[in-house]
Amino acid sequence: MFTGLIREFATVISYQNSILTLKAKYRPNIGDSIAVNGVCLTVISLGESSFGVELSSETRSIMAVKNLKGRVHIEPAMKLSDRLEGHIVQGHVDCVGVVKSIEKNQNATDFYITYPKEFFKYIVPKGSIAIDGVSLTINDVAKEHFRLTIIPHTLSQTLFGEYKKGQDVNIETDMFARYIYHMISKEKGLSWEDIDGMMARF
């Protein structure tokens, strides 16, 4: 599990034969889970100031592989003792979205991001979403895009400050939205009391 709060930028040293090698201040151990642009990966090798992770074919098929260059976001898996300040992020990317437009909005910046229509059911206004591993709140939702409002601090501390129109981004929808939709779709007889009980248990 992750929080969606980026620990630091790592620099891509190489990406070949499904192995991504990164240079970072953070020092993981072999076998650790670490999110790279929001994708949960396992550390398989260590260098003097670098580490390597391996991407399966399934992982490569649902993420923005072409962004594995230059700087990337990294976040190590959270510990049970850690404070949860973002939202619960699994590192299981759902799909790739595209930055449709970027608009200045007073002291913040609005990002409009398009996404595959089949994920509309999981994207909730004022709900949570992770973009390239960054925990964010959805402001508005339309059939083909949603709007995020990014404050200057987030722009300076994440890759959002470098995004341009047409940028591919990794999207992870809210875990609870996915679970609840799955339960409702499988159990046609669920009542609102049942759903309230599920939410209370979470």
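Worth pointing out:
- Charged side chains reduced to their Cβ positions (Lys and Arg at +1, Asp and Glu at -1) give the range 8-76 a dipole of some 260 debye around its Cα centre.
- Relative to the 2.2 N^0.38 Å rule of thumb, the chain has a C-alpha radius of gyration ratio of 1.06.
- Environment charge of GLY70, counting only residues whose C-beta is closer than 12 Å and scoring Lys/Arg +1, Asp/Glu -1: +3
- Computed over all pairs of different Cα atoms, the Kirkwood value for the hydrodynamic radius of the range 113-152 is 10.4 Å.
- Neighbour cut-off at most 12 other Cβ (10 Å), DSSP loop, trypsin sites (Lys or Arg not before Pro), the range 33-119: LYS69, LYS79, ARG83
- Length-normalised contact order of the chain in % [C-alpha pairs under 8 Å, at least 6 apart]: 22 percent
- Net charge over other residues, Cβ less than 15 angstrom from the Cβ of HIS92 (K, R count +1; D, E count -1): -4
- Overall form of the range 95-179 per C-alpha gyration tensor (a/c, 1.5; a/b vs b/c): prolate
- Within the chain, helix-based [θ] at 222 nm, where runs of 4 or more DSSP H residues each add -39,500 (n - 2.57), nearest 500: -4500 deg cm²/dmol
- Restricting the range 49-130 to GluC sites (Glu not before Pro) in coil, as DSSP defines it, with at most 15 other Cβ within 10 Å: GLU85
- Spatial separation of Cα centroids for the range 94-112 and the range 12-90, in angstrom: 24 Å
- Residue pairs, from the table LYS143/LYS165; LYS23/LYS117; LYS79/LYS104; LYS69/LYS126, whose Cα atoms sit over 26 Å apart: LYS23/LYS117; LYS79/LYS104; LYS69/LYS126
- For the chain, a crude dipole built from +1 on the beta carbon of Lys and Arg and -1 on the beta carbon of Asp and Glu, taken about the Cα centre, is about 420 debye to the nearest 20.
- Fully extended contour minus Cα-Cα distance, from ARG60 to LYS143, at 0.36 nm per residue: 27.3 nm
- Ranked by the mean number of other Cβ atoms within 10 Å of their residues, highest first, the peptides 124-130, 159-165 fall in the order 124-130, 159-165.
- Annotation note: chymotrypsin sites (Phe, Trp or Tyr not before Pro) in the range 38-127 located in DSSP loop regions with a Cβ neighbour count of at most 15 within 10 Å are absent.
- Every pair of different Cα atoms in the range 8-76 enters the Kirkwood calculation, which places the hydrodynamic radius at 11.7 Å.
- In the chain, a dipole from Cβ-located charges (positive for Lys and Arg, negative for Asp and Glu) runs towards its positive end, and of GLY133, LEU55, LEU22 it is LEU22 whose Cα lies farthest in that direction.
- Taking Lys and Arg as +1 and Asp and Glu as -1, the other residues whose beta-carbon sits under 15 Å from that of VAL124 total +1.
Readers should treat all values here as calculations from the given coordinates under stated rules, not as data from a laboratory. This structure is a prediction, so every number in the text was calculated from the model and none was measured. Ideal geometry is used to build each Cβ from the backbone, glycine not excepted, and the neighbour counts take in all protein chains shown.
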